[in-house]
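Report on one structure; see the data block that follows.
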Amino acid sequence: MKKMIVMLLTASMLMALAGCGSSAPAAAPAPAAEEKKEEAAAPAAEAKEADDDEDDDADFTTVTDGVLTMATNAYFPPYEYYEGGNIVGIDADIAAAIAEKLGLELHIEDMEFDSIITAVQAGKADMGLAGMTVTEERKQNVNFSESYATGVQVVIVTEDSDIQSIDDLADKQIGVQLATTGDIYCTDDFGEDHVEQFNKGNDAVMALKTGKVDAVVIDNEPAKSYVAATDGLKILDTEYVVEEYAAAINKDNTALLDAIDDALEDLKEDGTLDAIISKYISTEK
Ligand code: GLN
């Protein structure tokens, strides 16, 4: 912003010097927000996806024998959140169903969203399950299972906000959850000076409520929960980015990836997945 003012001043000073005082310099057009989302090609990662060897299923290993360790960030309702001392939600239920299919006991580790991929890479967790969007960049570091749900990045604003569309976010302050796709897209589209990162989605929403940011970009289902729990906020009727959620698994553990994919396939076919999702998400909009 400062840069812009300096530029305008410089321009008007030049014009004054040149003796053409009357007409003000035209404002620079607002930067367009519709740059294509970064989808960096990752040719090396693709080849692995073909390996679908049914015989491997029994060969997978887990970090702790007999246990499926899931890494998540339990502040992302209705996918994962605390109910009393327990982590519950769509991902917790799906993980429990996968663990049961694989004959494992489920153990859930709560951590910052930012640490999940590292935990999976470092062999501290078997599976990141956290409403995590499949991106080309993350695919450099982990393998993703088949997708089990769709997510949409949406915009939350105050009820009296003048923001009506994604383009109106230019020059505003946008709250996001650190290292999420909302953070990545907003930083790309609007610049890091316009993005404020919070550790938890709810912290971003509280900053909106108290006027510290003008909007929050976050996944649609947590957005609905936050807005339902907070007076004076609304979700814009616009889809910023549509995404796929999947489980993140260590690149070396392709046997576990296959086993989880098989389990997910079964859970899709026998209706368990739908039942879990509709337990937490009402179909009426
Ligand atoms: N879907 C978003 C992402 O993967 C947010 C996930 C989350 O905050 N748990 O970046």
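Where a number appears in this text, it was derived from the coordinates with a stated rule and is not lab data. These numbers were taken from a predicted model, which means no experiment stands behind them. Positions of Cβ are backbone-derived with ideal geometry, glycine not excepted, and every protein chain shown enters the neighbour counts.
Could you tally the net charge around Asp270, taking each other residue with its Cβ under 13 Å from the Cβ of Asp270, Lys/Arg +1 and Asp/Glu -1?
Residues near Asp270 contribute -4 overall.
Within the set Lys209/Lys251; Lys224/Lys268; Lys234/Lys268; Lys209/Lys268, which residue pairs have Cα atoms separated by over 31 Å? The pairs that break the limit, which is 31 Å between Cα atoms, are Lys209/Lys251; Lys234/Lys268; Lys209/Lys268. Protection proxy ranking for 60-73, 174-187, using the average of other Cβ atoms within 10 Å per residue and placing the highest first: 174-187, 60-73.
Each peptide in 103-114, 159-170, 210-221 gets a packing score, the mean of other Cβ atoms within 10 Å over its residues, and the list from highest to lowest is 210-221, 103-114, 159-170. Amide H contacts of Val241 (H built 1.01 Å from N, in plane; Pro and chain starts excluded): Gln153 sit under 5 Å, all sequence-distant by 5 or more or on other chains. Which ³J(HN,Hα) values in Hz, rounded to whole numbers, follow from the phi angles of segment 68-79 under the Karplus curve 6.51 cos²θ - 1.76 cosθ + 1.60, where θ = phi - 60° and Gly and Pro get x? Once rounded to whole Hz, the list reads 9, 8, 9, 9, 8, 10, 7, 10, 9, x, x, 6.
Find the centroid of the Cα atoms in segment 146-210 and in segment 227-285, then give the distance between the two in whole Å. Using only Cα atoms to place each centre, the spacing works out to 20 Å. Less than 5 angstrom separates the built amide H of Tyr79 from those of Ile90, all sequence-distant by 5 or more or on a different chain.
Entry note, segment 128-210: relative contact order of 25 percent, from Cα contacts under 8 Å with a spacing of 6+ residues.
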